[in-house]
Structures are given as C-alpha cells and as structure tokens.
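Below is one structure, written out as structure tokens; comments come after it.
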Amino acid sequence: QVQLVESGGGLVQPGGSLRLSCAASGTIFSINTMGWYRRAPGKQRDLVAHITSGGSTNVADSMKGRFTISREYGKNTVYLQLNSLKPEDTAVYYCYADISALVAGTKVKADYWGQGTQVTVSS
C-alpha cells in the first residue's frame, strides 16, 4: 500500500518559520505532481503549492514570497518551507501526490493524501 506521512507541524509565533515534510512509501513506480493543501477552521480546503516531476512549481498568490515548495526525488519526499508566518496561516496542512504504484498486485495510478499536520501561528 502507498502511504504519505507528514511531519513538521507545530506551534509557532507570528513571523516564525516551519518546514513541513511529506514522504511517500510503498512499491512506487513513479510520482508525478506532489503538493500541499490546507484547511483552516471553518473554511474550505485551499491549494498551497505543488511541484511537478519536472520541478515546475506553483505557489498560491497569497503565499508567494513566504512559502517555498521543493522535492527530493530519490526519497519520494516533498517539503514546504513556511516563512513569515501569520495567524491566518493556521490550518491543517495536507500533502498529496499523484503516484503510480503496485497495489494488491496491480499497477495503479491514483492521488494519495497524507493524514494532515497542524500548523498553529499564535503569540
């Protein structure tokens, strides 16, 4: 089975930084796009950033200049560097990945999601 495991969330003061990590595991043939969404309390889920297999990145306009997405291909891991954090960045951050993997003996291409990691920005 394919799993995405996130880490790096926590409590940080306004203006602080965090680095989120998300590692994919399983019998993986290839990973296309990896990225992050977030869901703030009482709000819809919003795209934060994504990165393609070729390294092209896209960051939501409201987070450009503060958030950076990167990827370590050999480790099937995606990172999200959060800088200059604001209270409104408080949310559960979820990673996702478009993965081709061996599942129950069959090659399957699907989107997989992590369990989410809480980021709280507060003084």
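Residues in the range 80-94 that are farther than 18 Å from Gln44 by Cβ, open to solvent by less than 30 Å² (accessible area, probe 1.4 Å) and not in a loop (DSSP other than H, G, I, E, B): Leu80, Leu82.
I'd like to know if the range 100-111 contains one or more residues that are at negative phi, among the β-branched types (Val, Ile, Thr), in contact (Cβ under 8 Å) with a residue 60 or more places away in the chain and part of a strand (DSSP E or B). Looking for residues that are at negative phi, among the β-branched types (Val, Ile, Thr), in contact (Cβ under 8 Å) with a residue 60 or more places away in the chain and part of a strand (DSSP E or B), one finds at least one in the range 100-111, hence yes. A single member of Asn32, Asn58, Asn76 is surrounded by fewer than 18 Cβ atoms within 10 Å (Cβ to Cβ) and touching a residue at least 24 places away in the same chain (Cβ under 8 Å), and it is Asn32. The residues of the range 95-123 that are open to solvent by less than 40 Å² (accessible area, probe 1.4 Å), aliphatic (A, V, I, L, M), closer than 16 Å to Ser30 by Cα and out of contact with any Cys (no Cβ under 8 Å at 6 or more places or on another chain), listed by number, are Ile99, Ala101, Val103, Ala110. Please find, within the range 1-17, the residue that is nearest to Ser122 (Cα to Cα) out of those that are assigned to a strand (DSSP E or B) and open to solvent by less than 30 Å² (accessible area, probe 1.4 Å). It comes out as Val12.
The values are calculated or read from the model by the stated rules, or taken from the named source; none is laboratory data. Source: prediction; values computed, not measured. Positions of Cβ are backbone-derived with ideal geometry, glycine not excepted, and every protein chain shown enters the neighbour counts. SASA here: full protein model, heavy atoms, side chains in, ligands and nucleic acids out. Shrake-Rupley method; radii C 1.70, N 1.55, O 1.52, S 1.80 Å.
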